[in-house]
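The values are calculated or read from the model by the stated rules, or taken from the named source; none is laboratory data. None of these values were measured; they are calculated from a predicted model. Here the Cβ is made from the backbone with ideal geometry for all residues, glycine too, and neighbour counts use every protein chain on show.
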Amino acid sequence: MADQNSPHPRVVSLIASSTEILHALGAGDLQVARSHECDYPASVLKLPAVTRPKFDVHGSSAEIDRRVRSLVERGLSVYEVDADALVKLKPDVILTQDQCQVCAVSLADVERAVCEFVHGRPRIVSMRPHTMADIYADIRRIAEAIGRPEAGKKLIASMQERLAAVKAAVVGQPKKRLAFIEWVDPPMSGGHWMPELIDMAGGDSVFGTTGEPSPWITWKDVSVAAPDVILVAPCGYDIETTRREVRPLARYALWQELRAVRDGNVFLADGNAYFNRPGPRLVESTQILAEIMHPDVCDFGLRGKAYIDHRMISAGAITNAS
């Protein structure tokens, strides 16, 4: 039977950000299983994965987008939960989300799996963050669910202190207009907490509104907006995968004519580790933004590690594009 009052509850985290929060709380030893996307810290990779995607995750961003849209348009779940494995693990707490049906296992998927439990239902803690305030609230909820509320308070205070240091570093610097690219083909910009992070790092978000869903855009929109800086960090993609996705853009005249491209202010970041996971590493994400927009006053040691200059990509022949 699930024991939600145990001092050492058995926790299954089905979303990467919650796994990171759990470990940042110093409670990684409580985790008994993970999702297929949970990969940080590296120690979680030894835990069994109880979820899997229902589509082929290999291919270009355009191919993946088509596969996911096909499932969603047919009313099907994008991921599935191994209910049998979940029952055998006897979790006391399950961490999941109900914000995005294409980003991770949904609350509905988890609730269906929990129906298989005969003796005692685990506590389900579901996250739906849209702002930094929501993320702090989720940290508190996770900390309370595992019986470590003080650890939650300390983690939040640490994050806020580090973010305040970033804001202090860019005080008095001219604001840069930044276009954040969350997906390449078709292009999507960043909403939810991203405009907040950009603001804290001394910039203005060209697309997206704090607390609102990430908007679909076009490269023509980017051209018209003429941002000072472009940061490409697709959800779930590391730097090398992002490099492959962006390389074809260099062949198009529209891309080459972008002011940020001409000025050498386009950067590629690890979107799997940063920006897209609503957890502790949003602090480093904000530091990346500050380094990119204000390199003369900000150096957090992330340049060349968490992000690179797009000029490291060979251009090839240039063609016209609408």
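Could you list, ordered by first residue, the pairs with Cβ atoms under 7 Å in which the first is in segment 296-308 and on the phi < 0 side of the Ramachandran plot and the second is assigned to a strand (DSSP E or B), at least 6 apart or interchain? Matching pairs, first to second residue: Ala306/Ala269; Tyr307/Phe267; Tyr307/Leu268; Tyr307/Ala269; Ile308/Phe267; Ile308/Leu268. Among the residues making up segment 256-284, those that are part of a helix (DSSP H, G or I) and over 18 Å from Arg177 (Cβ atoms) are Gln256, Leu282, Val283, Glu284. Count of segment 137-159 residues, restricted to those that are under 22 Å from the mean Cα position of the chain (by Cα) and in contact (Cβ under 8 Å) with a residue 24 or more places away in the chain, is 7. When segment 215-240 is filtered for residues that are within 26 Å of Tyr136 (Cβ to Cβ) and at pLDDT 95 or above, the ones remaining, listed by number, are Pro215, Leu231, Ala233, Pro234. In summary, strands (runs of 3 or more DSSP E) completely within segment 112-213 and bearing 3 or more residues that are within 24 Å of Val81 (Cβ to Cβ) occur at 123-127. At least 2 residues being closer than 24 Å to Pro280 by Cβ is the threshold, and among the strands (runs of 3 or more DSSP E) wholly inside segment 1-63 those reaching it are 11-13, 31-33.
Scanning segment 119-170 for residues that are crowded, with 16+ Cβ neighbours inside 10 Å and among the polar types (S, T, N, Q) returns Ser126, Thr131. Please pick out the residue among Thr286, Thr209 that is without any contact (Cβ under 8 Å) to a residue 40 or more places away in the chain and either surrounded by fewer than 23 Cβ atoms within 10 Å (Cβ to Cβ) or under 17 Å from the mean Cα position of the chain (by Cα) (or both). Being without any contact (Cβ under 8 Å) to a residue 40 or more places away in the chain and either surrounded by fewer than 23 Cβ atoms within 10 Å (Cβ to Cβ) or under 17 Å from the mean Cα position of the chain (by Cα) (or both) holds for just one of Thr286, Thr209, which is Thr209. Within the set Ser189, Ser223, the sole residue that is of a type in the set (Ser, Thr, Tyr) and either in contact with a strand residue (DSSP E or B) (Cβ under 9 Å, 6 or more places away or on another chain) or free of Cβ contacts under 8 Å to residues at least 12 places away in the same chain (or both) turns out to be Ser189.
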